[in-house]
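All remarks here apply to the structure that follows.
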Amino acid sequence: MVERCNVHKAKTATECLERIKNLDSMVDVVITSSDLATDRESMLIANVKKMDSNIKILVIGDENNDKTRILDYGADEFALKPMSPENTADKILMLLARDKVAENRSRPS
């Protein structure tokens, strides 16, 4: 169980990328809107993955139409609004647990 998380908020893709850079990529998950995720000018998802491919990206959107494109851009998870804080936390924990589960499965018995 996660005991403590540091949360950093950014209003733009540029600000988000700058914060990740300033944190020396010590970021586990980026949560963003579908609007920022699909902005071709900022290429948020591609730039985050370029900085650190281990950072998980959760995109929360209004329309299911963007889901395929967002996942093609490299997002790890897509969810539709509205989402409760509990549902958001569950999605984040699931993203963080995926790697651990895969790691455990690949270990020889």
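Computed from the coordinates by the stated procedures, all read-outs in this text should not be read as laboratory data. The structure displayed is predicted, hence computed values, not measured ones. Positions of Cβ are generated from backbone atoms using ideal geometry, with glycine treated the same way; all protein chains shown enter the neighbour counts.
Structure notes:
- Calculated FRET value between Ser25 and Arg107, using beta carbons and R₀ = 22 Å, to 0.05: 0.25
- For the range 1-58, the relative contact order comes to 35 percent (Cα pairs under 8 Å, sequence separation of at least 6).
- Here is the tail figure for the chain: Cα pairs spaced more than 21 Å apart come to 36 percent of all pairs.
- Over the range 27-91: Kirkwood hydrodynamic radius from C-alpha pairwise inverse distances, Å: 11.8
- For the range 1-59, taking Cα atoms only, Rg and Dmax work out to 11.1, 37 Å respectively.
- When only the Cβ of Lys, Arg, Asp and Glu is charged (+1, +1, -1, -1), the dipole of the chain relative to its Cα centre reaches about 280 debye.
- Among Ser53, Ser84, Ser34: highest mean-square fluctuation, GNM of the chain, C-alpha pairs under 10 Å: Ser84
- Springs join every pair of Cα atoms under 10 Å in this Gaussian network model of the chain, and among Glu77, Glu41, Glu18 the largest mean-square fluctuation is at Glu41.
- Relative contact order for the chain, counting Cα pairs under 8 Å that sit 6 or more residues apart, in percent: 21
- Between the helical axis of 13-22 and the longest alpha-carbon principal axis of the chain there is an angle of about 40 degrees.
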